[in-house]
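K.L.:
Can you read through this structure? Questions will come right after.
The values are calculated or read from the model by the stated rules, or taken from the named source; none is laboratory data. A quick note: this is a predicted structure, and the numbers were derived from the prediction, not measured. Every residue, glycine as well, gets a Cβ built from its backbone with ideal geometry; the counts of neighbours run over all protein chains shown.
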Amino acid sequence: MKGGRFYVVSAPSGTGKTTVLKRVMKELPGMVFSVSYTTRSSRRGEKGGVDYHFISRDEFHDMNQKGAFAEWTEVHGNYYGTSKASLESHLARGGEIILDIDTQGVEQIQEKYLHGVYIFILPPRPADLKERLTRRGSESREMIDLRLRNASKEIERIDHYDYVVINEHIDETVERIRSIIIAERCKRDRVMGSLEGRADG
């Protein structure tokens with residue numbers, strides 16, 4: 001590949017994005033997951049450095065002042081950010097990387113970087129979000145209501161994305177996202193750039 005490419009995946013809370021992305025990563029060896037920085041506390045089963053880099057608010061603000069983030073957002077009272085150095089280093093090596101970021105972060109990324117592919121995951125029905133968030137059992141009713149209100153705002157930004165996938169059956173969702181990535185790898189500019197790189201070598 002001549003230059004790397006990144007895939008941004010966004011979805012309202014409760015859509016099943018984390019589960020989907022873990023499956024996609026297993027089925028497409030060689031792709032790297034961008035581990036975001038966050039000030040929120042870890043949830044049950046999450047591991048630092050794998051799911052997120054868990055840091056304090058002071059650490060986050062210090063990194064942000066130093067320009068360490070390619071994008072950053074505040075979501076539900078917590079901060080999230082993507083490492084600029086990690087993203088750019090990986091792209092410079094010609095790799096593929098998946099970013100799990102909020103819709104606000106997407107707008108920042110689109111202003112700064114080319115060659116991104118943007119995928120939005122939707123639930124089959126709006127009521128499914130409330131059911132999934134409630135079943136998760138990790139948040140208060142007030143937080144669930146806040147997440148549902150924010151979900152409506154996120155869906156309003158869907159025109160920033162290239163692809164929309166409805167997560168009704170996880171196997172189908174994983175296959176569709178996998179197919180999107182494979183199709184992007186076969187685009188003319190990617191294939192011809194790869195061939196030119198081999199010829200130059």
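K.L.:
If a residue has to be within 24 Å of Arg23 (Cα to Cα), touching a residue at least 24 places away in the same chain (Cβ under 8 Å) and in a helix (DSSP H, G or I) to count, how many in the range 148-175 make the cut?
P.N.:
Step one: filter the range 148-175 for residues within 24 Å of Arg23 (Cα to Cα), giving 151, 154-155, 158, 161-175.
Next, only the ones that are touching a residue at least 24 places away in the same chain (Cβ under 8 Å) stay: 151, 154-155, 158, 161-168, 170, 173-174.
Restricting the remaining residues to those that are in a helix (DSSP H, G or I) gives 151, 154-155, 158, 170, 173-174.
Qualifying residue count, the range 148-175: 7.
K.L.:
Output the number of residues of the range 62-78 satisfying the condition of being under 15 Å from the mean Cα position of the chain (by Cα) and either more than 16 Å from Ile101 (Cα to Cα) or among the β-branched types (Val, Ile, Thr) (or both).
P.N.:
2
K.L.:
I need a count of the residues in the range 14-56 that are in a helix (DSSP H, G or I) and under 19 Å from Lys84 (Cβ atoms). Quick ask: steps written out before the conclusion?
P.N.:
Quick first cut of the range 14-56, residues in a helix (DSSP H, G or I) only: 17-27.
Now narrow it down to the ones that are under 19 Å from Lys84 (Cβ atoms): none.
Residues meeting the conditions: 0.
K.L.:
May I ask you to list the residues in the range 57-79 that are of a type in the set (Lys, Arg) and either assigned to a strand (DSSP E or B) or under 10 Å from Thr39 (Cβ atoms) (or both)?
P.N.:
So in the range 57-79, the residues of a type in the set (Lys, Arg) come out as 57, 66.
The one that is of a type in the set (Lys, Arg) and either assigned to a strand (DSSP E or B) or under 10 Å from Thr39 (Cβ atoms) (or both): Arg57.
K.L.:
Is it the case that Asp100 is among the charged types (D, E, K, R) and either in contact with a Cys (Cβ under 8 Å, 6 or more places away or on another chain) or under 20 Å from Arg157 (Cβ atoms) (or both)? Step through it out loud before you land on a result.
P.N.:
Numbers: among the charged types (D, E, K, R): yes; either in contact with a Cys (Cβ under 8 Å, 6 or more places away or on another chain) or under 20 Å from Arg157 (Cβ atoms) (or both): yes.
Against the criterion (among the charged types (D, E, K, R) and either in contact with a Cys (Cβ under 8 Å, 6 or more places away or on another chain) or under 20 Å from Arg157 (Cβ atoms) (or both)), Asp100 qualifies.
K.L.:
Assigned to a strand (DSSP E or B), closer than 30 Å to Lys187 by Cβ and not hydroxyl-bearing (Ser, Thr, Tyr): is that true of Glu88 in this structure? Reasoning before the result, please.
P.N.:
Working: assigned to a strand (DSSP E or B): no; closer than 30 Å to Lys187 by Cβ: yes; not hydroxyl-bearing (Ser, Thr, Tyr): yes.
It is false that Glu88 is assigned to a strand (DSSP E or B), closer than 30 Å to Lys187 by Cβ and not hydroxyl-bearing (Ser, Thr, Tyr).
For every residue, the table says whether it meets (1) surrounded by 14 or more Cβ atoms within 10 Å (Cβ to Cβ); (2) more than 14 Å from the chain's Cα centre (by Cα).
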residue	(1), (2)
Gly4	yes, yes
Thr15	yes, no
Arg44	no, yes
Phe60	yes, yes
Tyr80	yes, no
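K.L.:
For the range 151-201, name all the residues that are modelled with pLDDT of 80 or more and β-branched (Val, Ile, Thr).
P.N.:
Ile155, Ile158, Val164, Val165, Ile166, Ile170, Thr173, Val174, Ile177, Ile180, Ile181, Ile182
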